[in-house]
1. So what is the relative contact order of the stretch 127-247, in percent, for Cα pairs below 8 Å that sit 6 or more residues apart?
2. Explain nothing, just the number: relative contact order of the stretch 1-158, from Cα pairs under 8 Å at least 6 residues apart, as a whole percent.
3. For the chain, with all protein chains present and a 1.4 Å probe, just round the carbon and sulfur fraction of the accessible area to a whole percent.
4. At a Förster radius of 35 Å, what calculated FRET efficiency corresponds to the Cβ-Cβ distance of D279 and D107, to the nearest 0.05?
5. In nm, to one decimal, how far is the E25 label point from the R258 one, both placed 7 Å along Cα→Cβ?
6. Heavy atoms only, 1.4 Å probe, whole protein assembly: order H321, H349 by accessible area, highest first.
7. In whole Å, what is the distance between the alpha-carbon centres of the stretch 196-249 and the stretch 1-28?
8. In debye, nearest 20: dipole of the chain around its Cα centre with unit charges on the Cβ of K, R (+) and D, E (-)?
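The values are calculated or read from the model by the stated rules, or taken from the named source; none is laboratory data. Model, not experiment: these values are computed from the prediction. All Cβ positions, glycine included, derive from the backbone under ideal geometry; neighbour counts span all protein chains shown. Accessible surface is based on the protein model in full, side chains and every heavy atom, while ligands, DNA and RNA are left aside. Shrake-Rupley method; radii C 1.70, N 1.55, O 1.52, S 1.80 Å.
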Amino acid sequence: MPVEVAKVVLGSVTDASGLARALDEGRFAADEVVAVIGKTEGNGGVNDFTRILADGAFRDVLVARGTRSPEEVAQVPMVWSGGTDGVLTPHATVFARTGGDGGGGSDPRLAIGIALSETILPEDIGRPAMVEKVAEGVRRAMADAGITDPAEVHYVQTKTPLLTMDTINDARARGHDVATDEPLDSMNLSNGTTALGIGVALGEIAMPAADQIGRDVGLYSSVASCSSGVELDRAQIVVVGNAAGAGGRYRIGHAVMRDALDVDGIYDAIRSAGLDLPDRPRAADLGDRLVNVFLKCEADPRAVLRGRRQVALDDSDVHHHRHLKAAVGGVAAAAVGDPAVFVSVAALHQGPSGGGPVAAIVAVA
């Protein structure tokens, strides 16, 4: 089934007018929207409620403009990553299965699959139980996308629960302990555990031992992009890849950034998607063919970047997540000539340590 993709800018935290315009233009119908992946302008932390506000605004439009009930629309995965530090622009990428005749054919085109995992309990976060639950959900999302070859999966975006004091106390009341007592630390741990589940499902890594989760940074997925928040208790899973016969006009590819300055990793992802670029590309070479790029990043735990000392990890005033999001956001925006790019932090087990995965969607037809 052909997939249509639209990137829309948010004029405010609750602005879903870009989605409404795409519907008015006939790019897709409200009932055809199957996933939304976006950036909001909050602090990106545990208490970032801009994610909830944007989520509600987009779901309200889908309910008002379609035939699905609020309960049905509530099942549509919407992964909101908070924090548009530096030059980043709040925006959303909307995915719709149009149901039209995309021409089929053997040339692989963009395919998308979605799934919800089993309930992830507070005591699961950071532990093998969460890895297994996520892996099972990823396999179901692959099947939903019609992708049989894991090598054709180029981007897996998830949103998972993190720990709050309420859920920590809930686990203790039931006789369980949790992997960390710090809610903010649990964000990175939830993301990393999820990434390992993605890697296991796609055959990138073997099932990790409990003591490797959050510690063995040599274990990672090159296609995982994981976010977490307080607004759900299961993993929302969006698998994006290419499938023969899917039809449509888009393709997706991926690569990795080896560090925060690795602009070549961004261009390699765009090439992987099917766009020819010169040896030394620049933004002007992309024309209007690039839909969006999706990046994960983190501060190198060695506090070194290309042999130079870094101080973000020592900053007590501004969290290192915000330093890196702003820096990598600037690199990505310059590379593609657009500040409306998806850049998310807390990249534990997502790409090489100090770097991160990059996915790119391009129009090829």
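1. Values: 186 pairs, mean separation 56.2, N = 121.
About 46 percent, as a whole number.
2. Details: 232 pairs, mean separation 48.4, N = 158.
Over the stretch 1-158, the number comes to 31 percent.
3. The C+S portion of the solvent-accessible surface of the chain is 49 percent.
4. On the way: r = 26 Å, r/R0 = 0.73.
Working from the Cβ atoms, E equals 0.85.
5. According to this spin-label approximation, the distance is 3.8 nm.
6. Details: H321 30, H349 5 Å².
I get H321, H349, largest accessible area first.
7. Result: 26 Å between the Cα centres.
8. Details: 33 positive and 48 negative charges, 131 e Å.
So the magnitude is around 620 debye.
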